[in-house]
């Protein structure tokens, strides 16, 4: 099994992803409003499944997203549910979710996720506000997922 990396710096609709086999440290950062979120997130979900099956080690997840659309939100929920199931079966998974203090919608989403999955998610407010948020253009098409 190998590390999984998407070091995306050109397409602002895709987040950067770092999943480290040896340390169990995982991060998704940036924006997530791609056209087909399931296609993007499927390999990440597969990596988690393979890691759990082969290593059964600790997983430390950092979600540091500026923006995500509803399709991406569904996939992020699937990741958290998979981590919750792993923890329920005796595994060790820790989740930290970074948010901007002015983004109460994201904070509410995370609080709902905590209640829905019954997993502990540590919310961490960025110390400074969002200086240059890379928001999607306002004329994005409505994407069904």
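Taken together, the values in this text are just the output of simple stated rules run on the coordinates, not laboratory data. All figures in this text were calculated on a predicted structure; none of them were measured in a lab. For neighbour counting, all protein chains shown are included, and Cβ atoms are generated from backbone atoms with ideal geometry for every residue, glycine included.
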Enter the angle in degrees (range 0 to 90, nearest 10) between the Cα long axis of helix 37-54 and the first principal axis of the Cα atoms of the chain, meaning the one along which they spread out most.
-> 20 degrees
Length gained, residue 124-residue 39, 0.36 nm per residue minus C-alpha separation, equals 27.7 nm
What is the distance, in nm, between label points placed 7 Å from the Cα along the Cα-to-Cβ direction at residue 12 and at residue 108?
-> 2.5 nm
Calculate how steeply helix 70-88 sits against the longest principal axis of the alpha-carbon atoms of the chain, using the helix alpha-carbon long axis, and give the answer as 0 to 90 degrees to the nearest 10.
-> 20 degrees
Taking only C-alpha pairs under 8 Å that are 6+ residues apart, what is the relative contact order of the chain in percent?
-> 21 percent
Compute the normalised compactness of region 71-131: alpha-carbon radius of gyration over 2.2 N^0.38 Å, N being the residue count.
-> 1.19
State, to one decimal in nm, how far the label point of residue 88 lies from the label point of residue 2, with both points 7 Å from Cα in the Cβ direction.
-> 3.3 nm
Working from Cα positions, state the angle (0 to 90°, nearest 10) between the long axis of helix 104-117 and the longest principal axis of the chain.
-> 30 degrees
Region 34-60 versus region 76-128: alpha-carbon centroid distance in Å | 16 Å
Fraction of antiparallel bridges per DSSP, region 4-125 only, in percent to nearest 5 = 30 percent
The chain: calculated mean residue ellipticity at 222 nm from DSSP helix runs of at least 4, using -39500 (n - 2.57) | -12000 deg cm²/dmol
